[in-house]
Amino acid sequence: MDVFVARQPIFDRTRQLYAYELLFRSDDIHNEFDGTDSVSATTQVIANSLLTFGLENVACGKRVFLNFDHSLLTGGLHAILPRETTVLEILETVEPNEELIAACHDLTEQGYTFALDDFVDHPSFEPLTQLAKLIKVDMRATGKPEQERLLRTYRPRGIAMVAEKVETHEEFEWAKSAGYDYFQGYFFARPAVLRGHQIPAAKVNCLRLLREMQFEDLNFERLHAIISADLSLSYKLLRYVNSALFARQGEIHSINHSLAILGEDAIRHWAALAALPVLAKDKPGELVTHSLVRARFCEKLAQLGNVSEHSRGFLVGLFSLLDALIDIPLEEALHQAGVGPAISGALLGTEGQEGPLRDIYTLVCQYEAGDWKAVTATAAKLAIKPPSIGEAYSESTLWAQQALHATVRKANSRRKVRHGVQGSIQVLWEDSTGREQITMAQLLNVSVSGLQLQMVDRIPLHTAVSCSAPKMGVSGRGVVRYCNPSKGKYVIGLEFSNGTGWREPA
């Protein structure tokens with residue numbers, strides 16, 4: 001069964017990320033599910049998506065909105081979902097009969113939150129409005145006078161109002177002034193056209209850096225000149241190459257050494273991490289995450305489709321939101337960034353319908369929109385198996401979060417200097433089955449708040465690990481922050497909230 005999952009962000013009035021709506025669908029183009037009704041198919045898709053990919057990888061700690069119809073609301077599927085972060089979105093096609101209302105009362109008592117999707121005011125929905133915490137209104141299908149009436153009617157009841165299909169900055173401003181609490185749509189990625197907008201010097205440097213990334217063979221001399229001339233970029237490069245993403249036994253202190261250590265693919269990834277926050281200044285933080293997810297997703301799909309120069313796939317995704325980043329139309333933004341014809345053509349549709357990069361970008365847009373039939377058709381054109389697309393998306397969201405976390409954490413964690421300390425240390429942890437494991441590891445370095453060790457076993461992220469090495473002055477309980485393969489073993493970083501017990505030399 002082909003399993004897909006896509007997410008669309010929902011923002012609050014300050015344009016901060018509030019939640020994701022997760023879109024789950026099944027594809028029946030190849031008649032793989034003959035005789036299976038839509039409810040059973042949706043149930044299977046939700047179960048596979050949550051249990052296979054992991055809700056934490058897709059939701060990244062935020063609330064999630066999930067579409068539920070009558071059968072799902074009364075069928076008990078909610079039991080596999082965390083009630084604290086799940087919003088059950090009742091579809092507009094649901095008939096609010098006695099059975100449904102009773103089921104919703106029961107779910108409310110269990111602690112689940114309800115939202116009414118594409119809401120159209122009707123007396124039959126009054127019992128559901130008494131249970132709902134959120135009401136979503138389609139701005140495209142509902143006139144402004146009716147929207148204002150709905151806001152006057154339901155906001156005083158303590159119901160949060162969500163504006164759907166907000167696609168321009170003007171629509172967002174109107175919806176905010178009208179009194180909506182949350183907003184969903186592409187306004188953050190489709191900014192108002194500002195002709196003649198002057199790009200600040202810091203953004204120019206970032207655009208110059210990203211421009212260098214489009215070449216198949218990177219010019220290290222030009223990269224060194226750009227980075228070394230910008231104090232912020234220099235600092236970010238050294239912070240990245242010495243971060244938790246990489247296992248290093250010694251600090252790296254020069255631009256040339258950093259570039260040589262990283263290699264071309266990792267340099268492209270770093271450039272995105274360094275440039276995006278600068279370009280997205282005063283924009284929603286989700287825009288940076290979205291850009292990184294798209295970049296990695298395009299790169300993964302290019303690899304799956306055996307597209308030559310798959311690194312260009314990364315740049316296609318990265319540049320796809322450039323208009324939102326610097327507030328000018330995409331064509332002009334690509335021109336100012338000096339983006340070559342292969343990438344700009346893929347984004348603007350001038351490359352031709354047979355261009356593989358264009359197909360990759362089309363596939364990503366179709367996937368984000370939840371157009372599963374189109375996804376399957378485009379995937380077939382690229383010879384990509386549909387199930388692998390969901391896996392690639394899940395990996396991309398996790399990669400983006402880990403990359404952002406590692407670089408941000410680096411700024412704080414390096415305040416506690418790590419010291420090289422050699423020796424064996426005993427670690428105790430639980431594997432995925434809940435069995436207790438005791439392993440000997442090689443201690444690489446230690447600080448008062450964390451340590452780095454090398455061992456044969458792989459320990460999942462966020463696993464609690466107890467350590468004991470009294471002779472070295474190390475004992476306590478830490479959490480796995482990274483686990484990187486290295487020479488047939490794993491280099492693992494642990495963070496101790498209550499300290500490692502080790503004392504820094506005087």
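The values are calculated or read from the model by the stated rules, or taken from the named source; none is laboratory data. Note that the structure is a prediction, hence the values are computed from the model and not measured. Neighbour counts run over all protein chains shown; Cβ positions are idealised from the backbone, glycine included.
Conditions tested, residue by residue: (1) at pLDDT below 75; (2) touching a strand residue (DSSP E or B) at 6+ places or on another chain (Cβ under 9 Å); (3) closer than 14 Å to Val480 by Cα.
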residue: His405; (1), (2), (3): yes, yes, yes
residue: Ala411; (1), (2), (3): yes, no, no
residue: Lys416; (1), (2), (3): yes, yes, no
residue: Ser424; (1), (2), (3): no, yes, no
residue: Ser449; (1), (2), (3): no, yes, yes
residue: Asp457; (1), (2), (3): no, yes, yes
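Kindly establish whether Glu309 is of a type in the set (Asp, Glu) and assigned to a loop (DSSP other than H, G, I, E, B).
Yes; evaluated as a whole, the condition is true for this residue.
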Qualifying residue in the range 113-120 (condition: in a strand (DSSP E or B) and among the aliphatic types (A, V, I, L, M)): yes
Condition set hydroxyl-bearing (Ser, Thr, Tyr) and within 21 Å of Arg7 (Cβ to Cβ), scope the range 74-100, selection surrounded by the most Cβ atoms within 10 Å (Cβ to Cβ): answer is Thr86
Taking the stated definitions as given, is Gln336 closer than 21 Å to Met213 by Cβ, modelled with pLDDT under 90 and either polar (S, T, N, Q) or not assigned by TED's automatic domain parsing to the domain that holds Lys281 (or both)? yes
Only one of (1) modelled with pLDDT under 65; (2) among the hydroxyl-bearing types (Ser, Thr, Tyr); (3) not in a loop (DSSP other than H, G, I, E, B) is not met by Thr36, so which one is it? (3)
Restricting the range 136-167 to residues that are surrounded by 15 or more Cβ atoms within 10 Å (Cβ to Cβ) and among the small types (Gly, Ala, Ser), the one nearest to the chain's Cα centre (by Cα) turns out to be Ala163
Taking the criterion of being in the same structural domain as Val375 (by TED's automatic domain parsing), surrounded by fewer than 16 Cβ atoms within 10 Å (Cβ to Cβ) and free of Cβ contacts under 8 Å to residues at least 40 places away in the same chain, would at least one residue in the range 287-300 satisfy it? no
Considering only the range 259-268, I want to know if a residue exists there that is in contact (Cβ under 8 Å) with a residue 40 or more places away in the chain, in a helix (DSSP H, G or I), assigned by TED's automatic domain parsing to the domain that holds Ala229 and touching a strand residue (DSSP E or B) at 6+ places or on another chain (Cβ under 6 Å). no
